[in-house]
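For reference, the structure is listed below as structure tokens.
Every read-out reported here was derived from the displayed coordinates using simple, explicitly stated rules and does not represent laboratory data. All values derive from a computational prediction rather than experimental measurement. All Cβ positions, glycine included, derive from the backbone under ideal geometry; neighbour counts span all protein chains shown.
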Amino acid sequence: LVGFGTRLGGGCTSGHGVCGISRFSLRSLVATVTFIGVGMLAVFILSLFVHGR
Amino acid sequence: MREIFVALFCGFLFGVGLLLSGMTLPQKVIGFLDVFGAWDPTLVFVMVGAIGVNGLAYVFIRRRQGPVVASTFHLPPKRPVDGKLLCGAALFGVGWALAGYCPGPALVSLASLQGDVTVFVIFMAAGIWVHNRLFPI
């Protein structure tokens with residue numbers, strides 16, 4: 001997922017999150033908000049299964 | 001030749017930064033993403049700090065005619081926000097949340113040669129390979 005997603009999305013935490021936003025790139029800002037948002041959602045969904053609520 | 005040593009130094013500095021900031025600790029990364037649970041917001045400062053320094057440097061660098069060591073600047077082309085970007089970022093987000101590793105810290109942690117991160121990097125490479133098979137450049 002990380003390898004495929006990084007290639008498809010054209011960057012990772014460093015590429016989009018640090019280098020891209022520092023260059024004032026809209027694409028990088030959108031990508032960063034997306035992967036942090038989805039990451040938070042994924043951790044939340046996973047925690048539901050782990051704690052068995 | 002000078003280019004290689006500058007790259008080596010930059011890579012070393014970046015790796016040390018990722019280690020010191022806690023980006024190479026999967027549990028800390030997952031804690032950062034756990035906003036609805038025991039949220040650990042400290043990694044926000046890693047990103048804000050890096051963007052602050054990098055963004056300021058970028059403003060000064062753009063005023064220059066050319067780079068100090070290389071012959072030209074290598075900047076990614078301007079492209080619009082598209083479905084590929086959103087899908088890729090979303091998939092990346094899921095993988096990042098499940099494993100607690102993104103590519104840079106995973107490569108730094110590979111130096112430890114521990115089993116889990118080694119498996120992660122092998123499958124990350126596999127993901128890149130599958131992407132390049134599906135979408136040849």
Exercise for the section: Working from the alpha-carbon coordinates of region B:2-134, get Rg over Rh, Rh being the Kirkwood radius. Expected result: 0.99
Handout entry: For chain B, built as a Gaussian network whose Cα springs stay under 10 Å, the top-fluctuating residue of B:Thr72, B:Thr24, B:Thr42
Key = B:Thr72
Handout entry: Charged-residue dipole, Cβ positions (Lys, Arg, Asp, Glu), the protein assembly as shown about Cα centre, Debye nearest 20
Key = 660 debye
Fill in the blank from the handout: In a Gaussian network model of chain A with springs linking alpha carbons closer than 10 Å, the residue among A:Val43, A:Val30, A:Val18 that fluctuates most is A:Val43
Handout entry: Computed over chain A, the ratio Rg/Rh where both radii use C-alpha atoms and Rh is Kirkwood
Key = 1.12
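Report the chymotrypsin sites (Phe, Trp or Tyr not before Pro) located in region B:30-137 that are in a DSSP loop and have at most 11 other Cβ atoms inside 10 Å of their Cβ, or state none.
Here the chymotrypsin sites (Phe, Trp or Tyr not before Pro) that fit, given the DSSP loop and packing criteria, are B:Phe73.
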Fill in the blank from the handout: Under a Gaussian network model of chain B whose springs join Cα atoms within less than 10 Å, the largest fluctuation of B:Val44, B:Val29, B:Val53 belongs to B:Val53
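For chain B, what relative contact order do you get, as a whole percent, if you take Cα pairs closer than 8 Å and at least 6 residues apart?
29 percent
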Exercise for the section: Report the charge-dipole magnitude of region B:1-76 in Debye, nearest 20, computed about the Cα centre from +1 at each Lys and Arg Cβ and -1 at each Asp and Glu Cβ. Expected result: 400 debye
Fill in the blank from the handout: In chain A, the chymotrypsin sites (Phe, Trp or Tyr not before Pro) that sit in a DSSP loop and have at most 14 other Cβ atoms within 10 Å of their own Cβ are A:Phe24
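Peptide B:97-104: average number of partner chain Cβ atoms within 10 Å per residue?
The per-residue average across the peptide is 6.
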Problem - Unit charges at the beta carbon, dipole of chain B: most positive-side option, B:Leu43, B:Ala70, B:Ile122 - result: B:Ala70
